[in-house]
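The values are calculated or read from the model by the stated rules, or taken from the named source; none is laboratory data. Please read all numbers here as calculations on a predicted model, not as lab measurements. Here the Cβ positions follow ideal geometry from the backbone for every residue, glycine too, while neighbour counts run over all protein chains shown. Note: accessible area is taken over every heavy atom of the protein model, side chains too, but ligands, DNA and RNA are not part of it. Shrake-Rupley method; radii C 1.70, N 1.55, O 1.52, S 1.80 Å.
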Amino acid sequence: MGSKIRDDAMVLLPRHVVSDEQWAAVPRTVPNRLLRWGSILPYYALIAWWIIADEPTEFVVALIFWGFFTVFSARMTPWLALSGVCGLYLSADLDPLTTGLLVAVAAWFLGLGLGATLSGLRLSLSIRRWRLLAAGSVTVSRSLLAGPGTLITSRGRVGYFFVMIIALILFRFGAMLVRDRESTFRSLAETFTLADGGLVIPLLAILFWLGVSLVAWIVERIAGDVVLQVPVDPRHGPLRLGRVLKAVPRTEALRPGCTCGAKESDTGGDMPQVLVLDDVCPIHGIDAVNALEPQEFLRVAHEPWVWGENAAALPVRANERLEIVGLYGWGSRPAVVATPAPGKNAEAPTHTGYRPWRTAEVFHRANRKIRWRDLADSDPNFLAEKRADAPIADHIRLHGVGLPGYAVRSTGQRPRFETNPAPLVRTGVLAHGPSGASTPSR
């Protein structure tokens, strides 16, 4: 069960419930920002010093190109930087001062790389242990295992750059034949140098993505495929979670009378899984939400479309959990079980629930929050100054549905979440009186 499963449309995987304590105890690793900037800045500072001290060779120019891939390497960045330093060390006769500098920088990169690798191995081994301890199993769609993970992405990019190199060689050879019909491939090879970015960058890209593929393959084989039920609390565990706001799922948009995502619905193609929220929709619009009776509101209070842009202020419900598959280690992109698989655009949301963004370490887990974005992947525009613009209609207590606060509804606005709302003043314009309802009727 540890190997990747790729043959059937539906596969049976072990399922393990990760306790809050186990999730909070996931070992920490070197934060991604420290790995990236702690490698990129010293690496290019060293290259710049090298160029200033001596005339750059073609090999040094190639090392500049090699550094470009630190943008994509994340947790492999120290190893890329270390390989570049080793290249400098082997490429020239060095004086004692230069040798000492290279050794010191290489030791820094080696320390970062080992810290990231060993802690990453601990996480993969923890996942493997959870898989072996799994007491149950569940059937999931195979497409969730073939999502936008590191292994799938890196393989695709290897093929892309390989095709690019072939096209470049054929183009240059064709241009040479136009100028000289007696040209051969041997004479073509003589035109390429290490400073030739048109060829060197794709070659380095293939080398880089092959390395990424190998690492991802090893990590996936260690951890194996397992469905994990994990806590949603963003302050614990290795996952950064996101959620989409100002949007409705396709199941809601298909309700009779719904006008959300009208443009997407009228294109004649397949309707997206998630559509733009319409504030004047008869079902999901502002007036429709504000007209809901308190008990009706509580039934949908956990849906982001109820709150519009104000959903960004929602806390995570007490004891909220989700089931994921595809967690192998740091840098994984797990998918939520029982949700549509990503399409051509892997970043496009397929549901309005919580979804893993990426397993990435941060400096302070306790400060980590849900990553709220709209369908354009923009930050929400939570306008707190609107509070005094419209009369407050009512307060609805949300504690019974796991949210420690109140929904504050105002005329002409989406509800707001507040933990300590101002006392409600009765006026003739109130849509509802104050509500102490905390649980939906059954």
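Kindly establish whether Leu94 is part of a loop (DSSP other than H, G, I, E, B), hydrophobic (A, V, I, L, M, F, W, C) and without any contact (Cβ under 8 Å) to a residue 60 or more places away in the chain. Spelling it out, Leu94 is indeed part of a loop (DSSP other than H, G, I, E, B), hydrophobic (A, V, I, L, M, F, W, C) and without any contact (Cβ under 8 Å) to a residue 60 or more places away in the chain. Being at positive phi and open to solvent by 20 Å² or more (accessible area, probe 1.4 Å) is the requirement here; does Ala338 meet it? Here the answer is yes, as Ala338 does meet what is asked. Going residue by residue through segment 52-69, is there one that turns out to be among the hydrophobic types (A, V, I, L, M, F, W, C), at pLDDT 80 or above, open to solvent by less than 10 Å² (accessible area, probe 1.4 Å) and in a helix (DSSP H, G or I)? Checked against the condition, which is being among the hydrophobic types (A, V, I, L, M, F, W, C), at pLDDT 80 or above, open to solvent by less than 10 Å² (accessible area, probe 1.4 Å) and in a helix (DSSP H, G or I), segment 52-69 yields no hits at all. Taking the condition of being surrounded by 14 or more Cβ atoms within 10 Å (Cβ to Cβ) and closer than 21 Å to Ala25 by Cα, how many residues in segment 130-144 meet it? Residues that pass the stated criteria total 3.
Of the residues making up segment 311-321, not a single one is in a strand (DSSP E or B) and closer than 25 Å to Leu277 by Cβ.
Would you confirm whether or not segment 263-274 contains a residue that is out of contact with any Phe, Trp or Tyr (no Cβ under 6 Å at 6 or more places or on another chain), closer than 30 Å to Val18 by Cα and in contact (Cβ under 8 Å) with a residue 40 or more places away in the chain? Yes, segment 263-274 has at least one match.
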